[in-house]
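**Student:** Sharing a structure here in structure tokens format.
The values are calculated or read from the model by the stated rules, or taken from the named source; none is laboratory data. Computed from a predicted structure; not experimentally measured. Note: ideal-geometry Cβ built from the backbone for every residue, glycine included; neighbour counts use all protein chains shown. Only protein heavy atoms, including side chains, enter the accessible area calculation; ligands, DNA and RNA are left aside. Shrake-Rupley method; radii C 1.70, N 1.55, O 1.52, S 1.80 Å.
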Amino acid sequence: MAKRAKKRKSAARRTSRPQKKLSDLFHETLKDIYFAENKIIKTLPKMAKAAQSKQLAAAFNKHLRETQGQVKRLDRVFRIIGKPARGKPCEAINGITDEGAEIMKEFRGMPALDAGLVAAAQAVEHYEISRYGTLRTWAEQLGVPDAASLLQETLDEEEATDQALTELATLVINLEAEQEQAEAA
């Protein structure tokens, strides 16, 4: 008898909360990626400085400029949906950037540092690709084509950055790390 009463109470509590819709989820996820992009703006200069390869440092600096533009695009999306542009702490991006900081510390001056930096950067890119793809789809479903278009533009940049990092890693960075390791042995 007590179990039934407890279940009814729990069900009543769930129904008394205001119902959240896809538009609410869209807004919350937008705040999440806004926080993430601003965190990345603070992280990329550190990664560029730590990079041993000039090509990798240049790639990080290029993506920093792109990320600053992406934040401006997000500002526009917030305006389109009539909400203030602000972020909410994102534990996922904090964890990913913490891993990158750990790599910079543990592999400083080592042959594999740049390979680790690429891996950390790609973890960020994959997170962003996931978020922007979802946000773009939701914007389309919510009937906000201007927001969907802006989010697609950023998604395209994130995918291009991921591809550029893959090429840099496979054609230069990983080979140099392997070669330096072989020479040291």
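**Student:** Does segment 119-128 include one or more residues that are open to solvent by 50 Å² or more (accessible area, probe 1.4 Å), farther than 22 Å from Ala48 by Cα and either at pLDDT 95 or above or over 13 Å from the mean Cα position of the chain (by Cα) (or both)? Reasoning before the result, please.
**Tutor:** Filtering segment 119-128 down to residues open to solvent by 50 Å² or more (accessible area, probe 1.4 Å) leaves 119, 126.
Right, trim to farther than 22 Å from Ala48 by Cα and you get none.
No - not one qualifying residue is present in segment 119-128.
**Student:** Oh, and also: Please find, within segment 60-86, the residue that is surrounded by the fewest Cβ atoms within 10 Å (Cβ to Cβ) out of those that are part of a loop (DSSP other than H, G, I, E, B) and in contact (Cβ under 8 Å) with a residue 12 or more places away in the chain.
**Tutor:** That would be Arg86.
**Student:** Among Pro89, Pro145, which is within 19 Å of Ala36 (Cβ to Cβ), open to solvent by 50 Å² or more (accessible area, probe 1.4 Å) and modelled with pLDDT of 95 or more? Talk me through it step by step, then tell me what you get.
**Tutor:** Working: Pro145 fails: within 19 Å of Ala36 (Cβ to Cβ).
Just a single option satisfies the conditions, and that option is Pro89.
**Student:** Taking into account only those residues within segment 21-53 that are among the small types (Gly, Ala, Ser) and assigned to a helix (DSSP H, G or I), which is surrounded by the fewest Cβ atoms within 10 Å (Cβ to Cβ)?
**Tutor:** Initial filter on segment 21-53 (among the small types (Gly, Ala, Ser)): 23, 36, 48, 50-51, 53.
Next, only the ones that are assigned to a helix (DSSP H, G or I) stay: 23, 36, 48, 50.
On the way: Ser23: 15, Ala36: 24, Ala48: 18, Ala50: 22.
Taking the candidates together, the pick is Ser23.
**Student:** OK, next. Taking the stated definitions as given, is Gln152 surrounded by fewer than 21 Cβ atoms within 10 Å (Cβ to Cβ) and in contact with a Lys or Arg (Cβ under 6 Å, 6 or more places away or on another chain)?
**Tutor:** Values: surrounded by fewer than 21 Cβ atoms within 10 Å (Cβ to Cβ): yes; in contact with a Lys or Arg (Cβ under 6 Å, 6 or more places away or on another chain): yes.
Spelling it out, Gln152 is indeed surrounded by fewer than 21 Cβ atoms within 10 Å (Cβ to Cβ) and in contact with a Lys or Arg (Cβ under 6 Å, 6 or more places away or on another chain).
**Student:** So, Ala148, is that one without any contact (Cβ under 8 Å) to a residue 24 or more places away in the chain and within 30 Å of Lys21 (Cα to Cα) or not? Let's see the steps before the verdict.
**Tutor:** On the way: without any contact (Cβ under 8 Å) to a residue 24 or more places away in the chain: yes; within 30 Å of Lys21 (Cα to Cα): yes.
So Ala148 fits the description; yes.
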